[in-house]
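Everything below concerns the one structure shown next.
The values are calculated or read from the model by the stated rules, or taken from the named source; none is laboratory data. Worth saying up front: this structure is predicted, and the values here are computed from it rather than measured. Cβ coordinates were reconstructed from backbone atoms using ideal geometry, including for glycine residues, and neighbour counts include every protein chain displayed. Accessible surface areas use protein heavy atoms only, side chains included; no ligands, DNA or RNA. Shrake-Rupley method; radii C 1.70, N 1.55, O 1.52, S 1.80 Å.
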Amino acid sequence: MKNWTSGRSLPAPIEITSCNVRRGDVILIGGRLCRVTDLLQLPGGAKRLLFESGEQLTMHVRTRFIASRRPSRW
């Protein structure tokens, strides 16, 4: 039997807030997967997320989402 290994690591589901959201995070919103391409810091700790699709979402400081993030390599 041949062992198959991928050069890529699997995404890990994590809870994100406006404090730890990053470019490249994939968030499930309304049944659609949206990849964050850019972030804009807003007053009061909020952030505006810009997605690949061109859509935007303002994330309040207390908002929490479950997202997928590829583990970073050391």
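Things to note:
- Each residue in region 17-49 was checked for being more than 13 Å from M59 (Cβ to Cβ) and either touching a residue at least 60 places away in the same chain (Cβ under 8 Å) or among the aliphatic types (A, V, I, L, M) (or both), and 3 of them qualify.
Yes/no matrix, rows are residues, columns are (1) in a loop (DSSP other than H, G, I, E, B); (2) open to solvent by less than 60 Å² (accessible area, probe 1.4 Å); (3) modelled with pLDDT under 85:
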{"residue": "M1", "(1), (2), (3)": "yes, no, yes"}
{"residue": "W4", "(1), (2), (3)": "yes, no, yes"}
{"residue": "L10", "(1), (2), (3)": "yes, no, yes"}
{"residue": "P13", "(1), (2), (3)": "no, no, yes"}
{"residue": "C19", "(1), (2), (3)": "yes, no, no"}
{"residue": "T37", "(1), (2), (3)": "no, no, no"}
{"residue": "R48", "(1), (2), (3)": "no, no, no"}
{"residue": "T63", "(1), (2), (3)": "yes, yes, no"}
{"residue": "R73", "(1), (2), (3)": "yes, no, yes"}
